[in-house]
Structures are given as structure tokens and as C-alpha cells.
Amino acid sequence: MRTDLRERDEDLLQEVAEAIEPQGLQLEILRRELAVSDRQVDAWIRIHHPEGQLDLEAEIKRQLTSSNFGPAVARLRSNGRASVLITDYVNPNLAERLREQGIFFLDAVGNAFLRDRGLYVWVAGRPNRSEVQRVKERGRAFQPSGLKLLFALLCKPDLVEADYRTLARVTGTALGTVHLVLNDLVEERYLRRLDRTRRVLLRPKELLDAWVTAFVRELRPRLLLGRFADSDLDWWQRTDILQYGALWGGEPAGARLTEFLKPGTLTLYVERMPSELLVRQRLKRDERGRVEILHKFWQFTDTAAEAGLVPPVLAYADLLAIGDDRTLETAERLFEQHVDGSFRAYLARTAS
């Protein structure tokens, strides 16, 4: 499967090279799919232009949409090096958002944003040649049932060594699903079987990136119980959310975990609709409301719940799903402060 992926990426890079050539640009692939620190880099490319050349780390992301925009931008920002998003198509709205955030991009129809000494390329609005066909034959890991299992593994990596029945019980997934998901992870090189009973997660940060994109698109919309309007959001700070059987996600969780953000939206995860809270705060259903209530889809316990918060991995995904400058920066801080350390500690334990 990884070989097929590389072939598709090669095809896309070739399409992009042909699309930007009329603009006086030439794309050269320097290296393909290499490891840098603990990350996998899709490719290193060089853009030749009339005034010189620009070397960039390429992040290849097909089917860029508003739902996976946040994770894609966060990954590019976290690189710490000059980078470019390579994709099949960027619509005008997303092109403008990328330019506003200083993110370089190139697509297969010639839309582009690049800036270098003696170079400024800004092309947006070129139409897509055809609607990108959704890949239907996907592994179970990134379908809704599999995403629930992956969430547990990302929050508690040591669970990967639990027996299938324990994983099914803790994650609320079927026993057969556990088997299929773990096989998918092996095939995608996110998991290695050491022997018949011992397993270890590989590349947890890349698995998190893939999970966030799929979660935002495939699972999160199914969890939404309703949106509600409220003119004043400050009540969240005075409310003991646990007494309503709820946990804060999204911006409130980001604010509490990083002490950086003033929430402009409220996200709650619940097992059942908190009618008493709706009445007390006079929340009215509104499809455009700033308060969203989602179904709590996990069954394991997490220390963040003691403070009325969802696990940091989920708060991170919620912030990326919002995808504005405030929440993207908060997501980066949250990852560095509450997620990255646990990943590194797990990798250190399993490496010995």
C-alpha cells in the first residue's frame, strides 16, 4: 500500500510540475519520502525560477478541504523549515486562507502561492478539472469505528499491547473491528508486531495527524447533537461542567490546558443531552450557534476528566477543526505541552 501511495504522490508532483511550468517555474524532486527527526517527510523539492532557486520540504495532501485544512496547516507550521503544501486542488477560499497565514502551496491546476527573493507567485481561482473521486476502498482504521480505537491508542499508547477483548471493551468497538484495525496499522507502518502477543506503536505523531484529518471528516459530524446560541459565553468559566455529566472540549479545553486562549466558541462532550444546563443557560437551538454539544464516544478514563476536560488529543483535534489563527496556535501549544511528551516517553520506553 505504501508503494501505491508513493506512486500516486509521484504522479501528483508531476502534474504540479507541468501546471507551474507556464509561470516560468520548474519543479525538481531532490529526495523522496525520508525521515527527519521523528517525522516522515514526503519529499524535498527545488523550485527553479528566473531569479534563483527555492528549496522546500513538501507536504503532500490530497483532497484539501475546510475539514482537513487545520491539520494540514498545523503540520506545515510545525516543520520549522521552509515548506510547501502540494495538493490536487485548492479552492479560492482556502487559497486566500493559506496566503494569509504565509503557507506556500502548489496545486495540479496551477493555483499557487510562493515567495522568495526576486519571486512572488500568487494564482488563485483556476477551476478544478474534475471533482476528485473519493477513495472508497479505505482501511477500517480510518472509518468511524476504527477512529474510536485509534483515539484510545493515541491517548494511551500502552493499550496497544492489550488483548483484543480488552481493546474492544475499552473502546466500545466490535472484536472483529479491533483485528481489522490493527492489521491496517501494521500495513500502514504505524504498528509493529514483535511476537504473537507484543505490539508497539510507530510514528505516533504521524498517526495523530492522520487520525485528526479522518476524525474531523468522518466521525466528528456524526457526533454532533446540536448547536446552540448564546450571547455571552463567559458562563463556561463559572460552571462546574461535571455536575451536568459533560466535559469541555475545543476552545474551553484549549484555554484551560494552555492558559493562552479566550474561547470564542464552546464545545461540550456528553453521554446524554444536558437538559438542565440548557435551561439554566437559556441555550436555544441555532444551526449557527457558538455552543456545540457532541456525543462522548469513548469509555476509558483519563486524568483530564477530573478537571472536566476531554483528553488533550481530542482537544487538539477540535482546535484544528476550527482552524483559525487563534486555535491553530493554541493547538500547537497544547500538543507541545500535553501530547508530545507522552509520545516521546512511550517511544523511549519501547525502544529499550
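Looking only at residues of the range 150-193 that are surrounded by 18 or more Cβ atoms within 10 Å (Cβ to Cβ) and among the acidic types (Asp, Glu), we find that the one that is nearest to Phe297 (Cα to Cα) is Asp184. Taken over the range 229-282, the criterion of being of a type in the set (A, V, I, L, M) and open to solvent by 40 Å² or more (accessible area, probe 1.4 Å) is satisfied by Leu242, Met273, Val279. Number of residues in the range 310-335 that are among the aromatic types (Phe, Trp, Tyr) and buried (at least 24 other Cβ atoms within 10 Å of the Cβ): the value is 1.
Residues that are in a strand (DSSP E or B) and among the acidic types (Asp, Glu) were ranked within the range 40-84; the one that is most open to solvent (accessible area, probe 1.4 Å) is Asp55. From the list Glu100, Glu96, Glu137, the lone residue that is at pLDDT 90 or above, of a type in the set (Asp, Glu) and either over 27 Å from Arg326 (Cα atoms) or loosely packed, with under 12 Cβ neighbours inside 10 Å (or both) is Glu100. One residue stands out in the range 216-257 among those that are among the basic types (Lys, Arg) and assigned to a helix (DSSP H, G or I): the one that is farthest from Leu277 (Cα to Cα), namely Arg217. I'd like to check something: does the range 289-296 contain any residue that is in contact with a Ser or Thr (Cβ under 8 Å, 6 or more places away or on another chain), assigned to a helix (DSSP H, G or I), among the acidic types (Asp, Glu) and at pLDDT 95 or above? No, because not a single residue in the range 289-296 is in contact with a Ser or Thr (Cβ under 8 Å, 6 or more places away or on another chain), assigned to a helix (DSSP H, G or I), among the acidic types (Asp, Glu) and at pLDDT 95 or above.
Selection within the range 30-81: residues that are touching a helix residue (DSSP H, G or I) at 6+ places or on another chain (Cβ under 9 Å) and among the β-branched types (Val, Ile, Thr). The member of this set that is modelled with the lowest pLDDT is Thr65.
Out of curiosity, is Thr213 part of a helix (DSSP H, G or I), at pLDDT below 90 and crowded, with 16+ Cβ neighbours inside 10 Å? Considered against the rule, which asks whether it is part of a helix (DSSP H, G or I), at pLDDT below 90 and crowded, with 16+ Cβ neighbours inside 10 Å, Thr213 comes out as yes.
The values are calculated or read from the model by the stated rules, or taken from the named source; none is laboratory data. This one's a predicted model, so the numbers in the text were calculated from it and none came from an experiment. Cβ coordinates were reconstructed from backbone atoms using ideal geometry, including for glycine residues, and neighbour counts include every protein chain displayed. Note: accessible area is taken over every heavy atom of the protein model, side chains too, but ligands, DNA and RNA are not part of it. Shrake-Rupley method; radii C 1.70, N 1.55, O 1.52, S 1.80 Å.
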